[in-house]
Amino acid sequence: MSGNDFVVVANRLPVDLTTADDGTEKWIASPGGLVTALTPVLSAHQGCWVGWPGVADAAPEPFRTDDGVLLHPVSLTSDDFERFYEGFSNATLWPLYHDLIVTPTYSRSWWQAYRDVNHRFAVEVDRVAAHGATVWVQDYQLQLVPGILRQMRPDLTIGFFLHIPFPSPDLFRQLPWREEIVRGLLGADVIGFHLKANADNFLQLVRSVSGVSGGHTGLPDSFEVTGHASVREITAHVTSSDGRSVGVAAYPISIDPTDLVEVDKAHVAKLREQLGADTTLLLGVDRLDYTKGILQRLNALEELLADGALAPEDVTFVQIATPSRERIEHYQRTRSAVEEAVGRINGRFATLGHPVVHYLHQSLPKPELQAYYAAADVMVVTPFKDGMNLVAKEYVATHGDGSGAMVLSEFAGAAAELNQAYLCNPFDMESAKQAIVQAVQGLKRTPEVTAERMRAMHAQVIEHDVDLWAQAFLDSLKKAQ
Ligand code: ADQ
């Protein structure tokens, strides 16, 4: 057994395999909230990362990234990819945990694959973790790993962090395999969520199981809950059926603001010139996911243009949407609807050579993305549900000078900390429209107030960065040892 004292386990390794024109293959860093959050933490801790390299049926040897992070690949077959990843993770758990924005599919065959793959991840961790190591398991794809590891390796200290929301117990109870998932999670020493509300949902679920609120759940009835969830330190404990104390708390994830300070000003100026120096530039940046509310934000824009509340010559909207989960039907439908809306809005309101909406269905390099953040007057972040939303924090981090404004959904985890944004309910078209107009007008009519709001949010993000997130979680885990 090799001797890694700190192991991060996540569905994906932080890499993509690319093929150059001459046929040579190279691993490059890939975008995504989890990667953004964990790369600096891993580099700082000299740890290793166990995950799937992102290519089905590939079984590369362990290797180091350019950042020096040691990666231990777990191989997935194309059948695993379909049933474990696209199926159970992203067509069962993802919609269930995002409050049923689309209807989850409950497939016994997918569940079998989820169990098998979780077991394989645990076996890989067992291989690489030194005696007494700390293991940090990430996210909804791997909720059984803490429980399996606990059985295999009682010497390990195990943390689990959920990057997406945890739903209310009433929704969670739909899941045919709810008992196994709860047992899997309770294999950890510490379970972390973004928000106190998520942690409270989990505690309420466990409480209802332990008989405090009564009712038949089909879940084990031997948990005891003490205390209340709090932020960044553990005040609630669940006693698992094997008598261990499991800490539960909220740790709002953040970004590494030092990644974002050096903006290429010439690039920003060029973008502004290309997109219309005199117009108000609105920006959306998301994975193309139905939870992100991209279509609804475009519909809000369209109504504002149709109402005359915004004039087409005065605004430019840039939507950058990273391709995501493209083989899943709901994602295909979302993409079609978004692209149809872009075409329709431009068809109605553009003039020759001057589209109102610019749409990029692409993943951009970070400096390029940052130039868009810096150039944008109004960032529009309108998810129906989001664990946190790092895009909102990245935008704010780029506007330390108080420039810009942000429209933010109440249902993004980020709204709990960034309440100086123009908050809206994305399910309510009028609310979304109003927040966009208020942000646009706020910049023009009350620039000092708007700048003050942006500076307050900037201070919040700078003071509560990804290091604080990781340190707070790891401190809790240390205390649990
Ligand atoms: P995501 O759903 O992926 O993350 P988010 O938190 O916004 O959502 O992170 C997206 C990341 O991808 C950001 O760092 C952003 O810069 C990057 N990105 C987005 N579009 C891009 C593009 N076109 N090109 C390049 N990079 C792009 C999940 C949860 C979130 C939670 C995070 C972290 O769904 O709620 O905030 O994990 O826990």
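The values are calculated or read from the model by the stated rules, or taken from the named source; none is laboratory data. Here the structure is a predicted model, which is why all the values come from computation and not from measurement. Reconstructed Cβ throughout: ideal geometry from the backbone, glycine too, with neighbour counts over all protein chains shown. Heavy atoms of the whole protein, side chains included, go into the accessibility calculation; ligands, DNA and RNA do not. Shrake-Rupley method; radii C 1.70, N 1.55, O 1.52, S 1.80 Å.
For the range 258-463, the antiparallel share of DSSP beta bridges with both residues in that region comes to about 5%.
If DNA, RNA and ligands are ignored and the probe is 1.4 Å, what is the ranking of 85, 97 by accessible area, most exposed first? Could the numbers behind the result be given before it?
Working: 85 40, 97 0 Å².
I get 85, 97, largest accessible area first.
How many angstrom lie between the Cα centre of the range 125-184 and the Cα centre of the range 402-478? Going from one Cα centre to the other spans 31 Å. Pull out a ≥ b ≥ c, the square roots of the eigenvalues of the alpha-carbon gyration tensor of the range 373-418, then state rounded if a/c is under 1.5, prolate if not and a/b is larger than b/c, and oblate in the remaining case. Because a/c hits 1.5 or more and a/b exceeds b/c, the range 373-418 counts as prolate.
Per-residue ellipticity at 222 nm for the chain, helices alone: DSSP H runs ≥ 4 residues times -39500 (n - 2.57), over residue total, nearest 500 deg cm²/dmol? Mind showing how you got there, number by number?
Working: 15 runs with 186 residues, N = 481.
Rounded to the nearest 500, it is -12000 deg cm²/dmol.
Rolled with a 1.4 Å probe across the full set of protein chains, the surface gives residue 150 an accessible area near 30 Å². Using alpha carbons only, how many degrees (0 to 90, rounded to 10) separate the axis of helix 196-209 from the longest principal axis of the chain? The angle comes out at about 40 degrees. Considering only the chain, what is the antiparallel percent among its DSSP beta bridges, to the nearest 5? Antiparallel bridges: around 25 percent, rounded to the nearest 5. To the nearest ten degrees, helix 329-349 and the longest principal axis of the Cα atoms of the chain are 10 degrees apart.
Sequentially through the range 282-291, phi angles give Karplus couplings (6.51, -1.76, 1.60; θ = phi - 60°) of 9, 9, x, 9, 8, 5, 6, 9, 5, 6 Hz, Gly and Pro residues having no value and appearing as x.
Need one word for the range 258-463: rounded, prolate or oblate. Basis is the Cα gyration tensor (sqrt eigenvalues a ≥ b ≥ c); a/c below 1.5 gives rounded, then a/b vs b/c decides.
Judged from the Cα gyration tensor, the range 258-463 comes out rounded (a/c under 1.5).
For the range 238-254, the residues whose backbone nitrogen is under 20 Å from a point 7 Å from the Cα of residue 366, taken along Cα to Cβ, are 253-254.
Can you give the relative contact order of the chain as a percent, counting alpha carbon pairs under 8 Å and 6+ residues apart? Write out the running numbers ahead of the final one.
Numbers: 976 pairs, mean separation 59.9, N = 481.
Reported as a whole number, the value is 12 percent.
In this structure, the amide hydrogen of residue 287, modeled 1.01 Å from its nitrogen in the peptide plane, lies closer than 5 angstrom to those of 322, counting only residues at least 5 positions away or on a different chain.
Rounded, prolate or oblate: which one fits the chain, using the alpha carbon gyration tensor with axes a ≥ b ≥ c (rounded when a/c is under 1.5, else prolate when a/b beats b/c, else oblate)? Intermediate values should be presented prior to the final figure.
Numbers: a/c = 1.73, a/b = 1.53, b/c = 1.13.
The shape class here is prolate.
Please grab the % of Cα pairs in the range 272-364 that end up more than 23 Å from each other.
Details: 957 of 4278 pairs.
Percent of Cα pairs beyond 23 Å in the range 272-364: 22.
A simple rule links phi to the HN-Hα coupling: the Karplus curve 6.51 cos²θ - 1.76 cosθ + 1.60 with θ = phi - 60°, which for the range 132-139 gives x, 5, 9, 10, 10, 8, 10, 6 Hz, with x for Gly and Pro.
Ordering 244, 153, 348 by how much accessible area each has at a 1.4 Å probe, largest first, what is the list? Kindly include the intermediate steps, with their values, before the conclusion.
Values: 244 50, 153 20, 348 135 Å².
In descending accessible area the options line up as 348, 244, 153.
Listed here are the pairs 366/393; 26/393; 265/292; 292/433; which of them are more than 23 Å apart at the Cα?
Values: 366/393 14 Å; 26/393 30 Å; 265/292 29 Å; 292/433 16 Å.
Check vs 23 Å cut-off fails for 26/393; 265/292.
Close amide-amide hydrogen proximity is noted between residue 130 and 4, 5, each under 5 Å apart and 5 or more residues distant or on a separate chain (H modeled in the peptide plane; Pro and chain starts excluded). Working note: Karplus 6.51/-1.76/1.60 with θ = phi - 60° gives the range 227-244 the couplings x, 10, 5, 9, 9, 6, 8, 7, 10, 10, 10, 10, 8, 6, 5, 9, x, 7 Hz, where Gly and Pro are set to x.
In the complete set of protein chains, residue-level accessible area for residue 446 is approximately 60 Å², probe 1.4 angstrom.
The amide H of residue 280, built 1.01 Å from its N in the peptide plane, has 315, 316 as neighbours under 5 Å, considering only residues 5 or more places off or on other chains.
Each Cα pair under 8 Å and six or more residues apart adds its sequence gap; the mean of these over the residue count of the range 50-94 is a relative contact order of 37 percent. Principal-axis analysis of the Cα atoms of the chain puts helix 429-445 at an angle of about 60° to the longest axis.
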